[in-house]
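Just below is one structure, and these are the notes that go with it.
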Amino acid sequence: MARKTARPGRTLVVFFIGVAIAYGLVALGGTWKPALGLDLQGGTRITLSAVGNPTAAQLDEARKIIDQRVNGSGVVEAAVTVQGNQYIQVEIPGDSRRDLVNTVERQAQLRFRLVACSSANPGACGAAAAPNPSGAPGATTSPGAGLTVAPPSASPSKQGTKGPKASPSGHNRAPVSFADKGNRANKGSGATKPSSSPSATPSASPSASPTSSPTAEPIPAPPGGDLVADPLKWMDNPNPEAIAAYNKFQCPADGSAPLVEDNPDKPLVTCGTGDQTGVKYLLSAAAVEGTDLKSASAGIPQGQLDWVVSVEIGGAGKDEFTKISRALYGTQKQFAIVLDGQVISAPTMNGLITDGRAQISGNFTEATANSLATSLKYGALPIAFDKDPTIDVIGPSLAGDQLSAGITAGIVGLLLVMLYCLIYYRGLGVVVIASLLVAAAVTYAMVLLLSKGAGFTLSLPGIAGLIVAVGITADSFIVFFERIRDEMRDGKSMRVAVEAGWLRARNTCLAADTVSLLAAVVLYIFAAGVVKGFAFALGLSTVIDLAVFFWFTHPMVSYLARYRFFNRGHKLSGLDPEALGIDRVTVGGRA
């Protein structure tokens with residue numbers, strides 16, 4: 001059987017094509033500067049003021065949840081600290097990122113309630129319900145609204161609601177999908193679009209709005225009467241006290257969130273958000289609590305183009321949701337998805353739900369979908385905060401010369417390593433220099449891509465991790481070159497020695513880099529704050545070292561072994577008899 005011939009030239013071409021693709025992606029991203037951390041460029045400081053008198057344990061738990069939210073990817077390096085006994089301070093690197101600000105502010109109290117009546121659909125409230133002068137569409141008439149599952153047959157739902165159709169997924173029944181229409185109003189800006197229409201009750205002046213003052217006490221939840229414990233019965237027969245509270249209530253004229261008591265054991269009178277701004281609702285007690293939420297994630301389903309937030313309901317909530325779907329299926333009755341006391345969607349049911357899986361859909365952007373999924377995934381905060389946090393722009397915690405000093409230290413270290421290898425290895429030192437430059441280019445491309453795609457911020461500890469990796473990278477070359485020298489001392493030609501030395505050096509370098517990578521992973525998992533940035537940079541550089549070592553250094557040395565300057569032991573090659581300590585260099589042989 002013929003022995004496979006090494007093709008180092010082909011390997012080098014493929015490697016550089018990969019590097020070119022990486023820089024092509026960087027060009028598409030449109031940024032050639034990495035995102036810097038708080039210590040180097042400053043950012044946004046959000047100060048949350050707790051309501052009431054929280055305990056130290058509650059503040060610490062809230063701090064941990066917020067830290068998990070804003071550092072969900074692990075590389076944003078936001079700082080979350082407790083200040084005194086009343087405040088939590090969040091410092092986010094870079095320019096103001098509204099998606100992270102929304103993530104911090106959101107309380108993430110998710111509940112599912114049944115709709116007794118609304119200004120778009122009087123329902124059980126009859127003629128007593130207020131009209132809908134804003135003209136905002138109801139959840140069953142707005143495109144994209146509605147909770148959708150694949151019905152038992154392929155025919156459309158018999159109600160004829162205009163909900164989105166379930167996309168084919170290869171299963172007998174697609175996951176349930178309901179629309180978060182609130183994202184239509186804040187797409188791309190993170191800010192809620194004020195309603196251009198008047199409040200739901202035209203007779204009231206804006207000053208009479210019960211939520212006009214941000215310091216006002218929440219409006220108490222109305223009593224629920226005898227049927228409050230059974231939301232399905234209550235939605236058809238709401239008690240007179242709840243209807244009276246609904247008729248008296250007015251949505252804020254400016255479209256802001258109403259300040260209401262969101263008690264899961266009582267009915268809720270509140271407003272919608274986003275496209276439903278100005279629509280007020282009378283809702284039952286909570287039928288399903290957000291604590292029954294098992295998972296939440298953002299993504300684009302296969303065969304679709306829009307971002308969705310996929311959720312899975314378990315526990316007692318799963319059975320209750322199944323019960324609700326059976327009761328509402330085939331009717332025009334609505335249920336509401338309530339987040340932080342506001343209705344984000346109020347769809348009808350045009351399919352049966354039995355597995356608790358659902359999708360919140362709408363005009364999500366990647367940022368808003370991830371923000372909502374992260375908030376839901378890490379749960380509700382144990383304490384409430386004032387609705388209007390203090391947001392300030394802060395400067396870098398280190399002077400500008402600290403960044404220059406770090407970069408200078410890295411360049412000096414790199415030059416010293418190059419100079420040493422060039423003096424000691426002579427011609428082979430050129431391979432070291434080329435490999436280090438290639439590794440630097442690949443590292444820079446990856447830092448730019450991660451800054452754009454994963455929110456990676458480069459802090460001074462991260463720069464230190466990249467500098468430390470220079471020594472790890474150079475160590476791989478030294479091990480390889482010394483193996484080649486040992487093989488040539490045993491009488492092998494350079495072409496044979498390169499491949500034989502590669503087999504031995506490869507395992508040694510893999511073992512060394514694996515230890516370094518494990519150390520970085522352990523440090524990343526158990527460390528906090530900027531130390532995570534150091535560990536991440538160290539691990540990234542170690543992986544890049546392996547890639548450069550396998551797909552650039554080895555094929556480059558194999559390629560140079562074909563030239564007489566190296567394989568005949570020229571004095572400047574670093575492989576001459578004097579440098580090897582032998583009488584003569586063996587010539588010939590096939591790799």
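The values are calculated or read from the model by the stated rules, or taken from the named source; none is laboratory data. Worth saying up front: this structure is predicted, and the values here are computed from it rather than measured. Virtual Cβ from ideal backbone geometry, glycine too; neighbours counted across all protein chains shown.
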Scanning region 226-257 for residues that are of a type in the set (Gly, Ala, Ser) and out of contact with any helix residue (DSSP H, G or I) (no Cβ under 7 Å at 6 or more places or on another chain) gives ALA229, ALA242, ALA244, ALA245, GLY255, SER256, ALA257
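Of the residues that make up region 341-355, is at least one within 24 Å of PRO252 (Cα to Cα), of a type outside the set (Gly, Ala, Ser) and at pLDDT 80 or above?
So far as region 341-355 goes, yes, one or more of its residues are within 24 Å of PRO252 (Cα to Cα), of a type outside the set (Gly, Ala, Ser) and at pLDDT 80 or above.
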Every residue from region 37-51 that is in contact with a Ser or Thr (Cβ under 6 Å, 6 or more places away or on another chain) and in a strand (DSSP E or B) | THR44, THR47
Has region 561-572 got any residue that is closer than 29 Å to VAL470 by Cα, within 50 Å of the chain's Cα centre (by Cα) and modelled with pLDDT of 80 or more?
-> yes
When you go through (1) farther than 24 Å from PHE249 by Cβ; (2) at pLDDT 90 or above one by one for SER310, which number turns out not to apply?
-> (2)
(1) farther than 20 Å from ALA512 by Cα; (2) buried (at least 19 other Cβ atoms within 10 Å of the Cβ) all hold for THR443 apart from (1)
For the subset of region 251-279 comprising residues that are of a type in the set (S, T, N, Q) and surrounded by 24 or more Cβ atoms within 10 Å (Cβ to Cβ), which member is nearest to PHE112 (Cα to Cα)?
-> THR270
Members of region 562-580 found to be in a loop (DSSP other than H, G, I, E, B) and either outside the structural domain of ARG483 (by TED's automatic domain parsing) or in contact with a Gly (Cβ under 9 Å, 6 or more places away or on another chain) (or both), listed by number | HIS570, LEU572, SER573, GLY574, LEU575, ASP576
The lone condition ALA336 fails out of (1) under 24 Å from LYS280 (Cβ atoms); (2) within 20 Å of the chain's Cα centre (by Cα); (3) at pLDDT 85 or above is (2)
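Test PHE385 against the criterion of being touching an Asp or Glu at 6+ places or on another chain (Cβ under 9 Å), surrounded by fewer than 22 Cβ atoms within 10 Å (Cβ to Cβ) and among the hydrophobic types (A, V, I, L, M, F, W, C), and give yes or no. Break it down into steps so the answer makes sense when it comes.
Numbers: touching an Asp or Glu at 6+ places or on another chain (Cβ under 9 Å): yes; surrounded by fewer than 22 Cβ atoms within 10 Å (Cβ to Cβ): yes; among the hydrophobic types (A, V, I, L, M, F, W, C): yes.
When the stated conditions are applied, PHE385 passes them.
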Region 410-453: number of residues that are among the hydroxyl-bearing types (Ser, Thr, Tyr) and either in contact with a Pro (Cβ under 7 Å, 6 or more places away or on another chain) or not in a helix (DSSP H, G or I) (or both) | 1
Which number in (1) crowded, with 19+ Cβ neighbours inside 10 Å; (2) of a type in the set (Gly, Ala, Ser); (3) assigned to a loop (DSSP other than H, G, I, E, B) marks the one condition that GLY330 misses?
-> (1)
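Take the residues in region 495-540 that are touching a Pro at 6+ places or on another chain (Cβ under 7 Å) and either outside the structural domain of VAL447 (by TED's automatic domain parsing) or within 15 Å of ALA469 (Cβ to Cβ) (or both), then tell me which one is surrounded by the most Cβ atoms within 10 Å (Cβ to Cβ).
Taking region 495-540 as the starting set, the residues that turn out to be touching a Pro at 6+ places or on another chain (Cβ under 7 Å) are 530-531, 533-534.
Restricting the remaining residues to those that are either outside the structural domain of VAL447 (by TED's automatic domain parsing) or within 15 Å of ALA469 (Cβ to Cβ) (or both) gives 533-534.
Details: GLY533: 27, PHE534: 23.
Filtering region 495-540 for residues that are touching a Pro at 6+ places or on another chain (Cβ under 7 Å) and either outside the structural domain of VAL447 (by TED's automatic domain parsing) or within 15 Å of ALA469 (Cβ to Cβ) (or both), the one surrounded by the most Cβ atoms within 10 Å (Cβ to Cβ) comes out as GLY533.
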Residues of region 280-291 being of a type outside the set (Ser, Thr, Tyr), surrounded by fewer than 24 Cβ atoms within 10 Å (Cβ to Cβ) and either at pLDDT below 85 or in contact with a Ser or Thr (Cβ under 7 Å, 6 or more places away or on another chain) (or both), in sequence order, are GLU289, GLY290
